[in-house]
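Take a look at the structure set out below.
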Amino acid sequence: MGHGSSGLHSAPQALRQRIDLLVREIAKFGAVGGAGLLVNLLVFNLVRHVTDLQVVRASVIATVVAIVFNYVGFRYFTYRDRDKSGRTKELTLFLLFSAVGLVIENGVLYAATYGFDWDSPLQSNIFKFLGIGIATLFRFWSYRTWVFKTLPAREAVSDAESFLTEQRTVSTAEERPAPAGAGRHTT
């Protein structure tokens, strides 16, 4: 009977641990992403006010600066505990998925600016922000799935440790062996 009850208690516990890890990951991703958002919007507005570049070109420059900023933040803060063995592959995938995010983000701005002629500074900032939001959903999924992969060894060790803990709990509850030397009295 001990096997069934420990299995029932460990499943919700394991689910709770996974949810806690995901919530922490989302919070760290959000912190870096929030700082990147500020960098993106500041560079965007600075380039728009200092140069005569068209709105989407200014946005692309700002997005590229934010991508560089975000890579450093994700690698050394959000995903610092993830696999670091294939940095070239990691950076290549990061840049690839960031480029897709750049197209999503600036595609929204392009559609608003040239499709609907919404080109005031306020409208440009609103659609830039909306594009960043949509692209962020894609980036979160792609970065955690393909770029900053979890360490397989760490997961295996964690699974093994939880299995051993379960087995010790079951074994102790069922068997309760007598301590060595029990029943003998020595002086």
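The values are calculated or read from the model by the stated rules, or taken from the named source; none is laboratory data. What you see is a predicted model, and the numbers here were worked out from it, not measured in a lab. Virtual Cβ from ideal backbone geometry, glycine too; neighbours counted across all protein chains shown. In case anyone asks, the SASA skips ligands and DNA or RNA and just uses the protein heavy atoms, side chains included. Shrake-Rupley method; radii C 1.70, N 1.55, O 1.52, S 1.80 Å.
Below 17 Å, Cα to Cα, which lysines can LYS28 reach? Residues fewer than 8 away in the same chain don't count.
Result set, ordered by chain and number: LYS149.
Could you calculate the contour length gain from LEU21 to GLN123, that is, 0.36 nm times the residue separation minus the distance between their Cα atoms, to one decimal place in nm?
Net length gain for the segment: 33.0 nm.
What is the calculated FRET efficiency for ASP52 to ALA14, with r their C-beta to C-beta distance and R₀ = 41 Å, to the nearest 0.05?
0.10
Where does each of PHE129, PHE140, PHE148 land when they are ordered by accessible area, with a 1.4 Å probe and the largest first?
Correct descending sequence by accessible area is PHE129, PHE140, PHE148.
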